[in-house]
Structure formats: C-alpha cells, structure tokens
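All of the numbers you see were taken from the coordinates with simple rules; none came from a lab. These numbers come from a predicted model, not from an experiment. Here Cβ is always computed from backbone atoms with ideal geometry, including for glycine, and neighbour counts include all displayed protein chains.
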C-alpha cells in the first residue's frame with residue numbers, strides 16, 4: 001500500500017473506503033464490500049467474480065475479446081480477465097471520479113484496461129453497434145441494482161452493442177422471492193432470445209437472499225465451458241440453462257417501472273462461500 005488516501009466522499013454523500021486484508025485490499029461503499037484486489041493469478045475470493053469469469057468462458061476463448069464492464073469499482077473482474085486473457089481489450093465504466101482516483105492510486109488498471117468516467121447506461125446507449133464481444137454489468141447502489149441496468153431497454157441496448165455471438169453477463173440477485181429475478185430474466189429473454197443463470201441451489205429454492213449471475217445472448221449459450229469453469233468451486237454455483245420455470249408468464253422489467261432490485265435482507269444475506 002502507498003500513502004494514497006484511504007477513503008473519499010462520493011457525490012451521493014456516501015463514503016468509499018479502502019479496507020486492507022491479509023490477501024490484498026477491498027473497496028467498501030456504504031458498508032457493502034464492492035470488490036477485491038489481490039493476486040490476479042489466484043481465484044477471486046468473491047464467488048460472484050468467479051461466476052462472472054466462468055460465464056465469460058466463451059468470449060475469452062477468442063483471440064482478443066472486446067469487453068465492457070459497466071460499474072468499475074476496484075475493477076476486480078477486469079483484472080481477472082486481463083490475467084486470463086492478456087490480449088483482451090477492456091473498458092471499465094464508472095460513475096464516480098472519486099472512486100476511480102482512489103482505486104487507481106492504490107492499484108492502476110492492468111494493460112489493456114481503460115477507464116471511462118460517466119453514466120454507464122448512457123455509455124451503453126451510445127456504444128457503437130456490434131463493437132463488443134461481451135458486456136459485464138455489475139452496478140449497485142446501497143446494495144441494490146438501479147432500474148436502468150435490469151430493464152428491457154438496457155438489454156436491447158446491450159444486444160445492439162454486441163457483435164454476433166456476443167454475451168451479456170449481469171451480477172444480479174435472487175431469493176427469497178424470485179419475482180424480481182424472473183422479471184429481469186424476462187427482459188433478457190425478450191431482448192436476446194436466450195437467457196441463463198448461475199446461482200446456488202439454496203438461493204434458487206428461496207431459502208435466502210443472495211447473488212445470481214444472469215447471462216443473455218442472441219445465440220444458444222453453450223453450458224459445457226461454463227460448467228467446466230465452475231467445477232470444484234467451493235461456492236457450488238450451478239449453471240441453469242433453462243429459466244422458463246422461473247420466468248413463467250411474468251412481464252419484463254421496463255425503464256418506466258423504475259423498479260430497483262429488492263433491498264438486501266442483511267440478516268438473511270449470506271454471500272456465496274469462498
């Protein structure tokens with residue numbers, strides 16, 4: 001660590017802080033651990049980062065995949081991707097300049113990762129058609145996903161920005177009620193035609209609140225590379241390729257709904273096991 005500042009005040013009035021850990025450091029915002037920076041040669045201690053990396057197995061098989069990360073934070077996933085595929089061309093879009101400055105002061109992004117400061121949804125809406133092989137959305141505010149990143153309109157914008165065979169990956173939520181997750185998946189299916197899920201069985205069964213990684217593509221999503229990447233992971237995250245039973249006949253989320261993801265039930269929320 002350097003003499004860089006350990007915390008900053010955000011435009012929302014919240015504070016972002018660097019928390020030093022035995023295996024690196026983490027960015028914490030409003031009491032929520034957002035991301036971790038450590039040895040990128042080692043699997044991330046955050047199961048959702050490992051799940052999203054597994055979900056990106058297809059795009060990462062390409063020679064020099066072009067990936068956009070909406071929600072920068074400490075750039076945990078871009079760092080893992082850069083280690084796995086050094087030739088990847090990545091951009092991380094972060095709303096808060098203060099977060100970017102704080103993170104870069106402690107750990108500049110690796111080669112191949114650029115940073116754009118601004119509204120991630122506006123950035124996506126303006127992205128050139130077919131310019132990306134994958135888009136990863138990991139945007140939270142106060143532990144909840146803003147409506148702009150789970151709507152049908154967001155999914156349509158993502159599909160337009162993706163090249164043929166491109167993949168959208170979203171760090172989402174599920175349990176104990178699945179109505180929001182179902183409406184989010186419905187939006188992805190309506191825009192792309194194909195959607196899938198990485199989730200723990202206990203969360204999918206409604207036993208507790210937790211994270212779920214949602215995937216969408218205009219082409220069928222091959223399960224084999226994703227399941228291979230998840231094999232042996234202590235979190236026991238499972239790839240669910242058929243989400244029809246979850247979605248049912250529920251309507252997709254829309255921008256006009258202005259519906260945030262459910263507020264975390266802190267007493268019931270247990271992050272996926274390391």
Between region 119-154 and region 188-242, the Cα center-to-center distance that results, in Å: 19
Which whole-percent values make up P(r) of region 103-213 when all C-alpha to C-alpha distances are grouped in 5 Å steps starting at zero? 2, 10, 19, 22, 18, 14, 9, 5, 0
Computed over all unlike Cα pairs, the Kirkwood hydrodynamic radius of the chain in Å stands at 18.5
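Using 0.36 nm times the number of residues separating residue 231 and residue 119, minus their current alpha carbon distance, what extension gain do you get?
36.8 nm
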Express the relative contact order of the chain as a whole percentage, based on alpha carbon pairs under 8 Å and six or more residues apart in sequence. 17
Label-zone membership for region 27-48, site residue 15, 7 angstrom Cα→C-beta point, backbone N under 11 Å: 30-31
Per 5 Å bin, what percent of the C-alpha pairs of region 64-115 does each bin hold, from zero upward? 5, 24, 35, 23, 10, 3, 0
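Which percentage, to the nearest 5, of the DSSP beta bridges contained in region 130-274 is antiparallel?
Details: 17 of 23 bridges.
That works out to approximately 75 percent antiparallel.
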Percent antiparallel among DSSP beta bridges (both partners in the chain, rounded to 5): 60
Using label points projected 7 Å from each Cα along Cα→Cβ, tell me how many nm separate residue 238 and residue 42, to one decimal. 3.0
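What length, rounded to one decimal in nm, is gained on full extension from residue 156 through to residue 87, with 0.36 nm per residue of separation minus their alpha-carbon distance? Intermediate values should be presented prior to the final figure.
Working: separation 69, 0.36 × 69 = 24.84 nm, distance 2.77 nm.
In short, 22.1 nm is gained.
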